[in-house]
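Report on the following structure.
The values are calculated or read from the model by the stated rules, or taken from the named source; none is laboratory data. Remember, it's a predicted structure, so these values are computed and weren't measured experimentally. Backbone-built Cβ (ideal geometry, glycine too); neighbour counts: all protein chains shown.
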Amino acid sequence: MCCCESCHESDALAEAILSTNSDAIIAADMDGIIRFWNPGAERIFGYRNADALGRSLDIIIPERLRQRHWEGYRRVIESGESRYGAGDVLAVPGIRKDGEGLSIEFTIVLLRDGANNLMGLAAIMRDVTKRFEEMRAIKQKLAEATKTPRVKRPGVPSTAFPFFIIETRRAVENVCGLHVGRIKSRVSNPVADQ
């Protein structure tokens with residue numbers, strides 16, 4: 001294979017990755033101005049490419065978190081290092097064009113020129129709002145389950161098993177892929193404990 005074919009394949013691969021619709025890929029310069037905005041970013045954040053390019057990253061950062069974001073951004077720019085590019089994933093709230101909040105996970109890629117000078121940062125982001133909300137619902141159900149008083153209820157047979165435990169188990173299995181029935185644990189029956 002000649003060098004030209006290899007370069008063409010490499011360019012095609014890069015184009016396919018950058019044009020993905022599933023994950024947002026955003027690049028910003030040293031000042032945090034958006035220079036690249038892929039179709040995934042359009043889908044997740046609601047801004048068209050033309051509306052996002054040239055604007056500050058503030059358009060996707062909730063106002064209450066902007067100061068903290070810019071402190072971290074400047075620290076990465078000054079040091080040339082980020083712990084979120086070495087396999088660690090950062091989970092943070094984001095904001096859509098319509099003002100709706102969302103939960104995102106992302107990792108950072110430092111952008112360098114041919115002389116290894118830092119030019120800016122790119123982030124690869126995934127919308128995890130649905131998963132975050134499902135986990136919050138599971139935690140809430142578990143918290144409620146631990147608050148349930150252990151009293152005998154009239155008309156409830158002693159063999160009754162609380163519905164919320166079954167529902168919570170199903171939710172854990174669906175979200176986490178865990179098979180709760182296989183995990184050794186003891187769930188007491190609040191009616192039988194009387």
Task: Hits in the stretch 85-125 - residues which are of a type in the set (S, T, N, Q) and assigned to a strand (DSSP E or B) - done: S103, T107
- [ ] Name every residue in the stretch 108-148 that is on the phi > 0 side of the Ramachandran plot and surrounded by fewer than 17 Cβ atoms within 10 Å (Cβ to Cβ), in order of residue number.
- [x] N116
TODO: With respect to R64, determine if the residue is out of contact with any strand residue (DSSP E or B) (no Cβ under 7 Å at 6 or more places or on another chain) and at pLDDT below 95.
DONE: no
